[in-house]
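Below: the structure, in structure tokens.
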């Protein structure tokens, strides 16, 4: 596994122009989102109870979550692309663990470099660094679940490629949905709608759930995010296993 990650990182750094340009585009996009938040808070002191500093902290968490997920989203895209084109037929009969390792071939761990840089800025952005240890543990754990939620949603959308033999625009769809990640959770629909969105599209709460835990000690959205991620992950596994069986044993 480490060898595959090292090779993926070396490949990404080798094409330094592509890597730097993509990071630059991501930085510009994030700055525009930050400018949007700044514009909103010119006209109000709070956004449904969230202050400017708290909203920026959620934006900061969302940036780290989406960049971390990018490491694996590119790999999933390449995996399904090659699968649909018939370039991975030998892989289909491999044990699940070896198929999982295959996914790491096209990962892009270089995206973790700006994530590490952002982590170093945490003390400067966190509006309330003094919180109970359980809040730290819960918040960081939910951040990890948030990364997984983006990956799972992307994989579920990409899974349609096996059925239709056409690649779904998963990257575009996830990119558009991820815009909602930068908003505090209480700004989004509440009540039953929040549960529906959390089960169907958990990535909408991939960062603000952790923000709610770290800032307000509120675990309700975190539970919805976790439940939604688990449901979609199981659904993906069931559907993929059935479809893979027909790919692995054609005519069976």
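Laboratory data are not the source of any read-out in this text; all were calculated from the coordinates shown. Bear in mind that the values here come from a model prediction, so they are computed numbers and not experimental data. Cβ sites come from the backbone with ideal geometry, for glycine too, and all protein chains shown count toward neighbours.
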Residues 58, 238, sorted so that the one with the fewest Cβ neighbours within 10 Å comes first: 238, 58
Would you mind ranking 180, 133 so that the residue whose beta carbon has the fewest other beta carbons within 10 Å leads the list? 133, 180
How would 85, 131 line up from fewest to most surrounding beta-carbon atoms within 10 angstrom? 85, 131
Computed label-point distance, nm, for sites residue 23 and residue 172 using a 7 Å Cα→Cβ extension: 2.9
